[in-house]
1. Within the stretch 29-86, which trypsin sites (Lys or Arg not before Pro) sit in a loop by DSSP and count at most 10 neighbouring Cβ atoms inside 10 Å?
2. Report, in debye and to the nearest 20, how large the dipole of the stretch 24-85 comes out about its Cα centre when Lys and Arg carry +1 and Asp and Glu carry -1 on their Cβ.
3. What's the FRET efficiency of residue 43 with residue 15 using the Cβ-Cβ distance as r and R₀ = 35 Å, to the nearest 0.05?
4. Please report the relative contact order for the stretch 24-85, taking Cα pairs under 8 Å with a sequence separation of at least 6, and give it as a percent rounded to a whole number.
5. So, in nm, how far is label residue 52 from label residue 71 when the simple model puts each one 7 Å beyond its Cα toward the Cβ?
6. Expressed in nm², what is the orientationally averaged projection area of the convex hull enclosing the Cα positions of the stretch 24-85?
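The numbers here are math on the coordinates, done by the rules we state, and not lab data. All of these numbers come straight from a predicted model, not from anything done at the bench. Here the Cβ is made from the backbone with ideal geometry for all residues, glycine too, and neighbour counts use every protein chain on show.
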Amino acid sequence: MVSQAPGFEDHLYPNHVFKLKKALYGLKQAPRQWYERLSNFLLSKGYARGAVDKTLFIRKHDNDVILVQVYVDDIIFGSNNNTLCE
């Protein structure tokens with residue numbers, strides 16, 4: 001069954017769903033666009049891009065560190081503080 005995406009519910013039309021005019025994942029440049037949008041978001045949140053590996057993002061908070069590794073369309077989080085990963 002098709003339903004409205006969480007966070008995008010239209011309470012005036014609860015039985016309607018949205019039709020995309022242009023799907024991002026069908027484009028040849030989709031992975032590049034996805035990575036650019038994600039990296040811009042992480043950089044705006046205070047992450048620094050890795051010097052050697054440009055898909056590694058690092059953010060330090062006091063004595064804690066959170067690492068975000070982007071691999072194709074997967075994101076891996078790691079930290080010495082569990083609450084930072086959440």
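1. Details: sites: 32, 37, 45, 49, 54, 59, 60; in loops: 45, 54.
Sparse-neighbourhood loop trypsin sites (Lys or Arg not before Pro): 45.
2. 260 debye
3. Details: r = 40 Å, r/R0 = 1.14.
Taking R0 as 35 Å, the efficiency between residue 43 and residue 15 is 0.30.
4. This gives 18 percent for the stretch 24-85.
5. Placing both labels 7 Å along Cα→Cβ, they lie 1.6 nm apart.
6. Numbers: hull surface 18.8 nm².
Reported value for the Cα convex hull: 4.7 nm².
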